Amino acid sequence: MTNEIEFDENLWFNHKGCEGKHYLIGNPHTFPGRIYAWCPKKERSFFVSVSEIEQMSEYSKYWINGFLNGNQPEPPTDSNGDVDFESVEYKK
Ligand SMILES: [Zn+2]
């Protein structure tokens, strides 16, 4: 098992205050409007709001649109109720 996070290279955006491309990952289940994302530069995941995004790909625009409208399917959770990023369901 590695700490590598899988992300879609089409789902990039520029994050305020940090250089380069960042990637949308999914729903952090914190509160509405927060998005789980990946920073390759810092090699860590973080939460981002749309207001912190300066530029993004067309794919990201559509993804976020769907996300904010509640069309994104709920990711699977493990027995603790946490999002199970390793599950096969999540990668579909
Ligand atoms: Zn960053």
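The values are calculated or read from the model by the stated rules, or taken from the named source; none is laboratory data. Source: prediction; values computed, not measured. Glycine gets a Cβ as well: all are built from the backbone with ideal geometry, and neighbour counts include every protein chain shown.
A Cβ distance below 8 Å, combined with a sequence gap of six or more or placement on separate chains, defines the contacts here; from the stretch 1-30, residues that are of a type in the set (S, T, N, Q) reach residues that are at pLDDT 90 or above and assigned to a loop (DSSP other than H, G, I, E, B) in the pairs Asn10/Ser57; Asn14/Gly20.
For Glu54, indicate whether it is among the acidic types (Asp, Glu) and closer than 14 Å to Ile5 by Cβ.
On the way: among the acidic types (Asp, Glu): yes; closer than 14 Å to Ile5 by Cβ: no.
Criteria not met by Glu54.
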